[in-house]
């Protein structure tokens, strides 16, 4: 990502046995989000990473997304 460009991804916690239907999910999200907020991709993860306060650790998610897209 360069020059301040932001790309939206969504992290999906899955059990690994069912593959998410991302195109259907994108279509559904269009009913609720502005077009620039629709994720360009979905990343499957085994658990949501949280800090000691229970908040999602965005830096850890960002790191996972960057690793999988390089």
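We did not get these values from a lab; they are worked out from the coordinates using the rules stated. Predicted, not measured: the structure shown is a model, and the values here were computed from it. With ideal geometry, Cβ positions are generated from the backbone for all residues, glycine too; neighbour counts draw on all protein chains shown.
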Percent RCO, i.e. relative contact order, over the stretch 9-68, from Cα pairs under 8 Å lying at least 6 residues apart: 43 percent
Given labels modelled 7 Å from the Cα in the Cβ direction, how far is it in nm from residue 44 to residue 29? 1.7 nm
Mind putting together the pair-distance distribution for the stretch 9-68? All Cα pairs, 10 Å bins, whole percent per bin, short to long. 20, 45, 33, 2
Förster radius 22 Å - calculated FRET efficiency between residue 68 and residue 36 (Cβ-Cβ, nearest 0.05): 0.50
Would you kindly state how much longer the chain becomes between residue 7 and residue 56 on full extension, computed as 0.36 nm times their sequence separation minus their alpha carbon distance, in nm to one decimal? 15.8 nm
